[in-house]
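K.L.:
This structure is in structure tokens; I'll ask about it shortly.
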Amino acid sequence: MKRLQKFIADSGYCSRREAELLIKQKQVRVNKKVAEIGISVNDDDKVTVRGAIIKPNKELIYIALNKPKGYVSTSSGEKSISSLVRVPERLFIVGRLDKSSHGLILLTNDGDFAYRLTHPSFAHEKEYIIELAKDINSEMVAEFKKGIDLGEKTKSFMKSIKKIGPKKYRVVLSEGRNHQIKRMFEFFGRTVLDLQRVRMGKYKMGNLKKGSWVFINKDSCY
Ligand code: URA
């Protein structure tokens, strides 16, 4: 027996939290009856969400990919990262990277994992190595740590930023807004020439070759 929301999340349909919401919204049926929050089910029960059958006990897979530049973080289309990772599973892309960025992307059929690793409330770190066209100064570094107003509800900040070479920095974020790093540098008129993600949560990309991928363990991520 398993809690209904866990049964739905384990199938890869969505996260546990989203499943709870769907149950509350009366979108989930168990053996044709509208399900109440808090119930448990087993593999013989017929669970549907908005009419779609939820299959139990899917094998959960976790993949680390080194995305090359020029590929988009979508599951279909020309030069999408799915053309690099050919598995017969529908996968969630955990934490997108811009087309011109490269480095670590995680893929999984575990909706709960995808949610936990990317939702701001869990504040999992992401680490990047970036190269600038023109260097910044120590005042700008201080502003990045304090927070920059990018026109979002709250300020955007870097958890840490360290110089590691000429015009080269190691940046750690604990949030993940669209084009966040490029927009933060643009705030001070700086162009990011190269952006590579090297870590998500605890997982370090190491020397995985560009364009290649490996199965990884969930426990190595958070
Ligand atoms: N920040 C960016 O600006 N781009 C990325 O791809 C990731 C983080």
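K.L.:
Using the alpha-carbon centroid of each, what span in Å lies between segment 178-198 and segment 1-78?
P.N.:
The distance from the Cα centre of segment 178-198 to that of segment 1-78 comes to 35 Å.
K.L.:
With a 1.4 Å probe and all protein chains in place, put Glu186, Glu131, Glu59 in order of accessible area, largest first.
P.N.:
On the way: Glu186 115, Glu131 75, Glu59 140 Å².
Highest to lowest solvent-accessible surface, that is Glu59, Glu186, Glu131.
K.L.:
Quick one: dipole size for the chain, taken about the Cα centre, charges +1 on Lys/Arg Cβ and -1 on Asp/Glu Cβ, in debye to the nearest 20.
P.N.:
Details: 45 positive and 25 negative charges, 35 e Å.
That gives the chain a dipole magnitude of about 160 debye.
K.L.:
Working with all protein chains in place, sort Asp135, Asp44, Asp219, Asp110 by solvent-accessible area computed with a 1.4 Å probe, largest first. Write down the numbers at each step before the final one.
P.N.:
Values: Asp135 50, Asp44 140, Asp219 105, Asp110 5 Å².
Greatest to least solvent exposure: Asp44, Asp219, Asp135, Asp110.
K.L.:
How big is the gap, in Å, between the Cα center of segment 143-172 and the Cα center of segment 87-101?
P.N.:
First find each Cα centre; the distance between them is then 24 Å.
K.L.:
Report the number of Lys pairs in segment 2-54 whose alpha-carbons are under 14 Å apart, with separation of 8 or more residues or on distinct chains.
P.N.:
Details: Lys2/Lys46; Lys24/Lys33; Lys32/Lys46; Lys33/Lys46.
The result is 4.
K.L.:
Here's another thing I want to ask about it. Please work out whether segment 2-54 counts as rounded, prolate or oblate from its C-alpha gyration tensor, where a ≥ b ≥ c are the square roots of the eigenvalues and a/c under 1.5 means rounded, while otherwise a/b larger than b/c means prolate and anything else oblate? Don't skip to the end; give the middle numbers.
P.N.:
Values: a/c = 1.22, a/b = 1.07, b/c = 1.14.
Rounded is the answer for segment 2-54, as its axis ratio a/c remains below 1.5.
K.L.:
Continuing with this model, one more query. In whole percent, how big is the carbon plus sulfur part of the accessible area of segment 2-54, probe 1.4 Å, protein atoms only? Show your work: numbers first, answer last.
P.N.:
Numbers: 1410 of 3010 Å².
Carbon plus sulfur share of accessible area: 47 percent.
K.L.:
Right, next: For segment 101-222, what class follows from the C-alpha gyration tensor (a ≥ b ≥ c being the square roots of its eigenvalues): rounded when a/c is under 1.5, otherwise prolate if a/b is larger than b/c, else oblate?
P.N.:
Details: a/c = 2.28, a/b = 1.45, b/c = 1.57.
Verdict is oblate for segment 101-222.
K.L.:
Next question. Please work out how much length the chain gains when fully extended from Phe122 to Ser160, using 0.36 nm per residue of separation minus the C-alpha to C-alpha distance, in nm with one decimal.
P.N.:
Numbers: separation 38, 0.36 × 38 = 13.68 nm, distance 1.74 nm.
Separation in residues times 0.36 nm, less the Cα-Cα distance, equals 11.9 nm.
K.L.:
Keeping all protein chains in position, work out how much accessible area Thr118 exposes to a 1.4 Å probe, and write it in Å² to the nearest 10.
P.N.:
Only protein atoms counted, so the area is about 60 Å².
K.L.:
Give me the lysines in straight-line cross-link reach of Lys202: C-alpha distance below 21 Å, same-chain residues under 8 apart excluded.
P.N.:
The qualifying lysines are Lys67, Lys126, Lys159, Lys162, Lys210, Lys218.
K.L.:
Continuing with this model, one more query. Keeping all protein chains in place, calculate the accessible area per residue for the chain (probe 1.4 angstrom), answer in Å². Please list the in-between numbers first.
P.N.:
Working: 12080 Å² over 222 residues.
That works out to 54 Å² per residue.
K.L.:
Additional query: With all protein chains present and a 1.4 Å probe, how do Arg16, Arg86 order by accessible area, largest first?
P.N.:
Values: Arg16 90, Arg86 185 Å².
Most to least solvent-accessible, the answer reads Arg86, Arg16.
The values are calculated or read from the model by the stated rules, or taken from the named source; none is laboratory data. Keep in mind that what you see is a predicted model, and the values were worked out from it rather than measured. All Cβ positions, even for glycine, are placed from backbone atoms using ideal geometry, and neighbour counts span all protein chains on display. Ligands, DNA and RNA are stripped out before the accessible areas are found, and what is left, the full protein with its side chains, is counted by its heavy atoms. Shrake-Rupley method; radii C 1.70, N 1.55, O 1.52, S 1.80 Å.
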